[in-house]
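Colleague: Before I ask anything, here is the structure I am working with.
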Amino acid sequence: MQVGAVIRRTFEIYVDQAPVLMPAAAVVFVVSSLLSVVLVAAAPALAIVALVISIVATTLFTGMVVELVADVQDGRRDASVSQLLRAASPMLGPLLLVGILAGFGIVIGLVLFVIPGVILMTIWSVAAPAVVLERLSATRALGRSRELVRGNGWSVFGVIVVMVVLVVIVGGGVELAAEAAGTAAGLGARVIIGVLTAPLSSLAAAVLYFQLRSSRSDEVVSGAASL
């Protein structure tokens, strides 16, 4: 698997499907952020409710992005945004659970030993697409992700590193420019950064999933031919 091919395909879909991705990301980040502000202002204890709303919205957005990538595998998008959301909605529970399990394991690994956290981040990188597209439970999706990544760990890790660096560079540049313009601009920049970068990790994970699954299929075909 080629790291460059995954990054290139991720940005091809990002640019081509921007009219779908940007409004959806704006709804997730702008609406959920405003709702959080209102709830916290009404009662600080409602902060936990705001957090839950934000997590659910972000998770549903991830599912929609994965469905979108699956839909454009033939070169065009056939489903509407509402259809993509409806397709992802039944897997919201497993998606939330896989996010919690993976997040907890990765954070513990990073805090305690660093290397185990990086390894878990790599081998579980396509768990969310596995949940959505294969209709798996959270625990089975984590195992499926490890199976798909096996043999391509360094390439997958390379994709993760490149995406993180790109997001940090773009986000940092926008925020620095906005802060120089004033506090209000700085707050606006954070929202813009969230909207622009939100689809990237989900897009990359979904593209990785299809690349890895294709690689596994090629290995099976090759093995059968050699017999």
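The rows are residues; the columns are (1) surrounded by fewer than 22 Cβ atoms within 10 Å (Cβ to Cβ); (2) modelled with pLDDT under 90.
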| position | (1), (2) |
| --- | --- |
| GLU134 | yes, no |
| ALA141 | no, no |
| LEU176 | yes, yes |
| LEU200 | yes, yes |
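Colleague: Identify all residues within region 28-63 that are β-branched (Val, Ile, Thr) and within 16 Å of the chain's Cα centre (by Cα); write none if there are none. Spell out how you get there, then give the answer.
Modeller: Within region 28-63, the first condition is being β-branched (Val, Ile, Thr), and the residues that meet it are 28, 30-31, 37-38, 40, 48-49, 52-53, 55-56, 58-59, 62.
Residues satisfying the conditions are VAL28, ILE55, VAL56, THR58, THR59, THR62.
Colleague: Output yes when any residue across region 45-57 is in a loop (DSSP other than H, G, I, E, B) and either out of contact with any Asp or Glu (no Cβ under 8 Å at 6 or more places or on another chain) or within 19 Å of GLN17 (Cβ to Cβ) (or both), and no when none is.
Modeller: Looking through region 45-57, none of the residues is in a loop (DSSP other than H, G, I, E, B) and either out of contact with any Asp or Glu (no Cβ under 8 Å at 6 or more places or on another chain) or within 19 Å of GLN17 (Cβ to Cβ) (or both).
Colleague: Among the helices (runs of 4 or more DSSP H) contained in region 78-123, which hold 1 or more residues that are of a type outside the set (A, V, I, L, M) and touching a Ser or Thr at 6+ places or on another chain (Cβ under 9 Å)?
Modeller: Because the criterion is at least 1 residues that are of a type outside the set (A, V, I, L, M) and touching a Ser or Thr at 6+ places or on another chain (Cβ under 9 Å), the helices (runs of 4 or more DSSP H) in region 78-123 that meet it are 92-112.
Colleague: Quick one: would you say SER214 is within 26 Å of GLU67 (Cβ to Cβ), modelled with pLDDT of 75 or more and in a helix (DSSP H, G or I)?
Modeller: So SER214 passes the test.
Colleague: Residues that are surrounded by fewer than 16 Cβ atoms within 10 Å (Cβ to Cβ), farther than 21 Å from SER201 by Cβ and not basic (Lys, Arg): does region 62-74 have at least one?
Modeller: Looking through region 62-74, at least one residue is surrounded by fewer than 16 Cβ atoms within 10 Å (Cβ to Cβ), farther than 21 Å from SER201 by Cβ and not basic (Lys, Arg).
Colleague: Please identify the pairs in which a residue from region 72-101 that is farther than 27 Å from VAL15 by Cβ has its Cβ atom under 8 Å from the Cβ atom of a residue that is assigned to a helix (DSSP H, G or I) and modelled with pLDDT under 90, counting only partners at least 6 apart or on another chain.
Modeller: LEU92/VAL56; LEU92/THR59; LEU92/LEU60; LEU96/ILE55; LEU96/VAL56; LEU96/THR59
Colleague: Working carefully through the options ASP16, ASP74, find the one that is more than 14 Å from the chain's Cα centre (by Cα), at pLDDT below 85 and charged (D, E, K, R).
Modeller: ASP74 is the lone residue from the list that is more than 14 Å from the chain's Cα centre (by Cα), at pLDDT below 85 and charged (D, E, K, R).
Colleague: Against the definition (under 14 Å from the mean Cα position of the chain (by Cα), part of a helix (DSSP H, G or I) and not polar (S, T, N, Q)), how does VAL66 come out, yes or no?
Modeller: Criteria met by VAL66.
Colleague: Now for a separate question. Of everything in region 92-117, what is among the hydrophobic types (A, V, I, L, M, F, W, C) and buried (at least 16 other Cβ atoms within 10 Å of the Cβ)? Give them in sequence order.
Modeller: We begin by selecting, within region 92-117, every residue among the hydrophobic types (A, V, I, L, M, F, W, C); these are 92, 95-98, 100-102, 104, 106-108, 110-115.
LEU92, LEU95, LEU96, LEU97, VAL98, LEU101, ALA102, ILE106 - these are the residues of region 92-117 that are among the hydrophobic types (A, V, I, L, M, F, W, C) and buried (at least 16 other Cβ atoms within 10 Å of the Cβ).
The values are calculated or read from the model by the stated rules, or taken from the named source; none is laboratory data. Note that the structure is a prediction, hence the values are computed from the model and not measured. All Cβ positions, glycine included, derive from the backbone under ideal geometry; neighbour counts span all protein chains shown.
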